[in-house]
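> This is the structure I have questions about; it appears just below.
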Amino acid sequence: VAAGPTTAAERELRRLLGPEAVRPGSERGYLSDATASRGLVGHAEAVAIPQNPDQVAATLHWCYDHNVPLTTRGGGTGLAGGAVPQGGVVLSLERLRAVHELRPELWRMHVQAGLPTADVARLAREWGLYYPPDPGAAEQSQIGGNIATNAGGPHSFKYGVTGHWVTGLELVLAPGERVVVGGPGRKDVAGYDLRSLLVGSEGTLGIITAAWLRLVPAPEAQLPILATYPTVEAGAEALSAVLGSGVVPATIEFLDTGAMAAAAGSFPGPPPGDAALTLIVEADGTTMEAERQREELKASMQPGSQRLHAPAGRGEIEALWRWRSGVSPAVTAQRGGKLSEDIVVPAERLVEAIVATQEIGRRHGLRACSWGHAGDGNLHSTFMIDPTQGAEIERAEAAAQALFALAIELGGSVSAEHGLGLVKSGTLERQWEPAAVRMHEEIKRVFDPKGLLNPGKKRARVS
Ligand SMILES: Cc1cc2nc3c(=O)[nH]c(=O)nc-3n(C[C@H](O)[C@H](O)[C@H](O)COP(=O)(O)OP(=O)(O)OC[C@H]3O[C@@H](n4cnc5c(N)ncnc54)[C@H](O)[C@@H]3O)c2cc1C
């Protein structure tokens with residue numbers, strides 16, 4: 001496909017989809033995602049913004065006929081560069097945001113893939129229901145993007161990640177066919193579990209156009225407690241006490257000293273002070289249940305703590321969670337950029353990983369910190385950088401490689417929830433057996449024989 005002021009891809013897609021559904025490939029808003037602060041920008045020949053699933057199918061059909069790569073884009077909040085195009089066509093789902101069906105009495109909804117995550121959660125709430133997955137950038141991310149990355153979030157500890165809430169998918173598969181896997185039903189073992197295979201496939205196996213989502217009645221009360229500890233070890237003991245308390249918290253989050261220092265200025269409560277480790281644990285259920293559980297959790301968290309903060313009332317509680325969502329941008333603001341990974345380790349190795357992240361940063365001459373989902377052993381291990389300094393970015397990339405080696409050595413994984421995308425593409429062979437790596441590659445070939453769906457992403461091997 002020829003390059004030029006108007007590319008052939010752009011002209012032909014305009015003819016196919018109509019002029020309002022196509023934009024130039026040079027439009028910067030479609031060339032990067034949340035990895036832009038580490039300097040990642042892609043390139044494309046055209047941007048397709050289909051109005052309906054038939055146009056999605058027509059776009060993939062055209063790409064398959066003309067051997068043009070296609071990168072599916074949701075809200076562009078991904079932290080692995082998955083939506084950053086490496087040439088070809090970007091297909092944005094932003095116009096597919098219809099709510100096909102909301103059945104509160106059956107605890108389910110059927111929505112198009114481009115609906116923002118926060119809209120899904122709000123809609124459920126309006127009917128007294130709850131959609132628990134809550135990845136941080138919920139106002140911008142789309143439900144399709146969440147499914148394609150199998151996104152988690154603070155409440156995944158009790159409620160599970162996105163895939164747990166998806167019973168069916170409407171898809172477009174190569175070379176441009178509309179297909180449904182699963183549906184509104186809650187159980188289905190008739191065939192291989194293609195639904196689960198597509199969940200977390202990062203746009204490399206097919207394009208998700210709609211999904212059936214499970215919901216549950218909303219808990220009457222959600223009561224968080226924040227506790228700070230003077231040493232990482234004291235925090236770790238509190239974490240063990242919480243897990244051994246017999247209460248199932250809805251969430252167990254942590255911030256290390258650097259993450260807290262970055263976000264402390266906007267903390268919605270008494271100043272948190274200097275802490276080596278901060279834990280946020282939440283009880284939920286009926287008001288009576290949640291209050292009783294919060295007291296039990298407080299008793300587990302008290303020993304060794306510097307201070308306990310239990311926000312009261314809806315406003316204070318919402319402010320705490322808004323603040324928690326702002327930790328990632330607050331860390332970015334420290335130096336203008338960051339390399340943030342999402343390694344996971346067995347819960348009992350969490351402290352080692354927190355300390356090692358800081359040590360890896362020191363070795364590479366970088367400020368480092370971590371925060372994340374302690375109950376899941378999932379750290380957002382982060383190196384703060386000035387994105388205009390190439391040498392710093394290089395040191396941070398080397399630090400990230402050391403971090404991946406650490407995750408594997410501790411018996412974990414290089415990615416808990418952001419996916420491999422572009423930035424971790426090829427790392428899988430470091431943690432999987434050769435036979436499993438081969439299977440991964442063969443699955444990709446079955447779904448995408450020409451290798452045109454999001455090329456370069458989620459690859460098992462470097463070459
Ligand atoms: C401040 C901040 C906090 C975050 N917190 C969390 C967190 O707590 N937990 C977490 O898991 N993530 C978190 N993230 C990462 C990100 O928000 C999630 O990964 C989110 O699920 C990405 O959704 P998106 O719509 O923005 O997808 P995009 O970034 O647009 O795309 C991500 C990947 O999915 C593919 N894709 C997108 N839509 C589709 C589709 N319809 N069909 C097929 N493939 C598709 C893309 O090709 C790409 O590979 C955070 C990000 C930010 C910026």
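The values are calculated or read from the model by the stated rules, or taken from the named source; none is laboratory data. Keep in mind that what you see is a predicted model, and the values were worked out from it rather than measured. In this analysis, Cβ positions are derived from the backbone assuming ideal geometry, glycine residues included, and neighbour counts consider all displayed protein chains. These accessible areas exclude ligands, DNA and RNA; they are computed on the full protein's heavy atoms, side chains included. Shrake-Rupley method; radii C 1.70, N 1.55, O 1.52, S 1.80 Å.
> Take region 111-169 and flag every residue that is over 10 Å from the mean Cα position of the chain (by Cα), among the acidic types (Asp, Glu) and farther than 15 Å from ALA210 by Cα.
Those that are over 10 Å from the mean Cα position of the chain (by Cα), among the acidic types (Asp, Glu) and farther than 15 Å from ALA210 by Cα: GLU126, GLU139.
> Report the residue count in region 90-104 for those that are within 9 Å of the ligand (Cβ to nearest atom) and either charged (D, E, K, R) or under 19 Å from the mean Cα position of the chain (by Cα) (or both).
Number of matching residues: 2.
> Now for a different question. Suppose we filter VAL355, VAL344 for residues that are under 22 Å from ASP134 (Cα atoms) and in contact (Cβ under 8 Å) with a residue 60 or more places away in the chain; which single one remains?
Numbers: VAL355 fails: under 22 Å from ASP134 (Cα atoms).
Of VAL355, VAL344, the one residue that is under 22 Å from ASP134 (Cα atoms) and in contact (Cβ under 8 Å) with a residue 60 or more places away in the chain is VAL344.
> Taking strands (runs of 3 or more DSSP E) that fall entirely within region 190-292, which contain at least 3 residues that are among the aliphatic types (A, V, I, L, M) and surrounded by 21 or more Cβ atoms within 10 Å (Cβ to Cβ)?
Values: elements: 207-214, 221-229, 251-256, 277-285.
Correct list: 207-214, 221-229, 277-285.
> Yes or no: region 365-387 includes at least one residue that is at positive phi and open to solvent by 20 Å² or more (accessible area, probe 1.4 Å).
Step one: list which residues in region 365-387 are at positive phi, which gives 365, 372, 377.
Applying the additional criterion that residues be open to solvent by 20 Å² or more (accessible area, probe 1.4 Å) yields 365.
Among the residues of region 365-387, at least one is at positive phi and open to solvent by 20 Å² or more (accessible area, probe 1.4 Å), which makes the answer yes.
> Inside region 406-463, can you point out the residues that are outside any helix (DSSP H, G or I), of a type in the set (Gly, Ala, Ser) and away from the ligand (no atom under 12 Å from the Cβ)? Don't jump to the end; show me each part of the working.
At the first step, the residues of region 406-463 found to be outside any helix (DSSP H, G or I) are 410-427, 431-433, 448-463.
From the residues that got through so far, the ones that are of a type in the set (Gly, Ala, Ser) too are 411-413, 415-416, 419, 421, 425-426, 451, 456, 460, 463.
If the condition is that a residue be outside any helix (DSSP H, G or I), of a type in the set (Gly, Ala, Ser) and away from the ligand (no atom under 12 Å from the Cβ), then GLY411, GLY412, SER413, GLY426, GLY451, ALA460, SER463 are the ones that fit.
> While we're here: Tell me which residues, restricted to region 80-89, are within 11 Å of the ligand (Cβ to nearest atom) and either open to solvent by 10 Å² or more (accessible area, probe 1.4 Å) or in contact with a His (Cβ under 6 Å, 6 or more places away or on another chain) (or both).
Within region 80-89, the first condition is being within 11 Å of the ligand (Cβ to nearest atom), and the residues that meet it are 80-85.
Result: ALA80, GLY82, ALA83.
> Shifting gears a bit: Among the listed residues THR77, THR35, THR117, THR71, identify the single one that is modelled with pLDDT under 95, within 12 Å of the ligand (Cβ to nearest atom) and not aliphatic (A, V, I, L, M).
On the way: THR77 fails: modelled with pLDDT under 95; THR117 fails: modelled with pLDDT under 95; THR71 fails: modelled with pLDDT under 95.
Selected residue: THR35, the only one of THR77, THR35, THR117, THR71 that is modelled with pLDDT under 95, within 12 Å of the ligand (Cβ to nearest atom) and not aliphatic (A, V, I, L, M).
> Here's something else I'd like to know. Quick check: is even one residue across region 321-333 over 18 Å from VAL232 (Cα atoms), out of contact with any Leu (no Cβ under 6 Å at 6 or more places or on another chain), free of Cβ contacts under 8 Å to residues at least 12 places away in the same chain and surrounded by 15 or more Cβ atoms within 10 Å (Cβ to Cβ)? Quick ask: steps written out before the conclusion?
Of all residues in region 321-333, those over 18 Å from VAL232 (Cα atoms) come to 321-333.
With the extra rule that they be out of contact with any Leu (no Cβ under 6 Å at 6 or more places or on another chain), the set shrinks to 321-333.
Filter once more, keeping what is free of Cβ contacts under 8 Å to residues at least 12 places away in the same chain: 329.
Those still in the list that are surrounded by 15 or more Cβ atoms within 10 Å (Cβ to Cβ) too: 329.
Looking for residues that are over 18 Å from VAL232 (Cα atoms), out of contact with any Leu (no Cβ under 6 Å at 6 or more places or on another chain), free of Cβ contacts under 8 Å to residues at least 12 places away in the same chain and surrounded by 15 or more Cβ atoms within 10 Å (Cβ to Cβ), one finds at least one in region 321-333, hence yes.
Residue by residue, here is whether (1) among the aliphatic types (A, V, I, L, M); (2) within 16 Å of the ligand (Cβ to nearest atom) holds:
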site	(1), (2)
LEU279	yes, no
GLN306	no, no
ALA310	yes, no
GLU316	no, no
TRP323	no, yes
GLY337	no, yes
GLN358	no, no
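> So, in region 419-439, exactly how many residues are over 27 Å from HIS43 (Cα atoms) and open to solvent by 30 Å² or more (accessible area, probe 1.4 Å)? Even if it seems obvious, please write down each step before you answer.
Step one: of region 419-439, the residues over 27 Å from HIS43 (Cα atoms) are 429-439.
Checking which are open to solvent by 30 Å² or more (accessible area, probe 1.4 Å) leaves us with 429-436, 438-439.
Going through region 419-439 one residue at a time, the tally reaches 10.
Table: residues versus (1) in contact with a strand residue (DSSP E or B) (Cβ under 8 Å, 6 or more places away or on another chain); (2) not in a helix (DSSP H, G or I).
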{"position": "ARG314", "(1), (2)": "no, no"}
{"position": "GLU318", "(1), (2)": "no, no"}
{"position": "TRP323", "(1), (2)": "no, no"}
{"position": "SER328", "(1), (2)": "yes, no"}
{"position": "ALA333", "(1), (2)": "no, no"}
{"position": "LYS338", "(1), (2)": "yes, yes"}
{"position": "LEU350", "(1), (2)": "yes, no"}
{"position": "VAL355", "(1), (2)": "no, no"}
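> Considering each residue of region 378-405, count those that are in a loop (DSSP other than H, G, I, E, B) and within 17 Å of ASP33 (Cβ to Cβ), and give that number.
Number of matching residues: 1.
> Something else about it: Exactly one condition in (1) in contact (Cβ under 8 Å) with a residue 60 or more places away in the chain; (2) surrounded by fewer than 19 Cβ atoms within 10 Å (Cβ to Cβ) is not met by ALA34; state its number.
(2)
> Within region 3-15, is there a residue that is under 26 Å from ILE385 (Cα atoms) and open to solvent by 10 Å² or more (accessible area, probe 1.4 Å)? Working first, answer last.
So in region 3-15, the residues under 26 Å from ILE385 (Cα atoms) come out as none.
Within region 3-15, none of the residues are under 26 Å from ILE385 (Cα atoms) and open to solvent by 10 Å² or more (accessible area, probe 1.4 Å).
> Pairs, please: C-beta under 8 Å, at least 6 apart or cross-chain, first residue closer than 13 Å to GLN51 by Cβ and in region 7-24, second open to solvent by 10 Å² or more (accessible area, probe 1.4 Å) and small (Gly, Ala, Ser)?
Filtered contacts from region 7-24: LEU16/ALA58; LEU17/ALA58.
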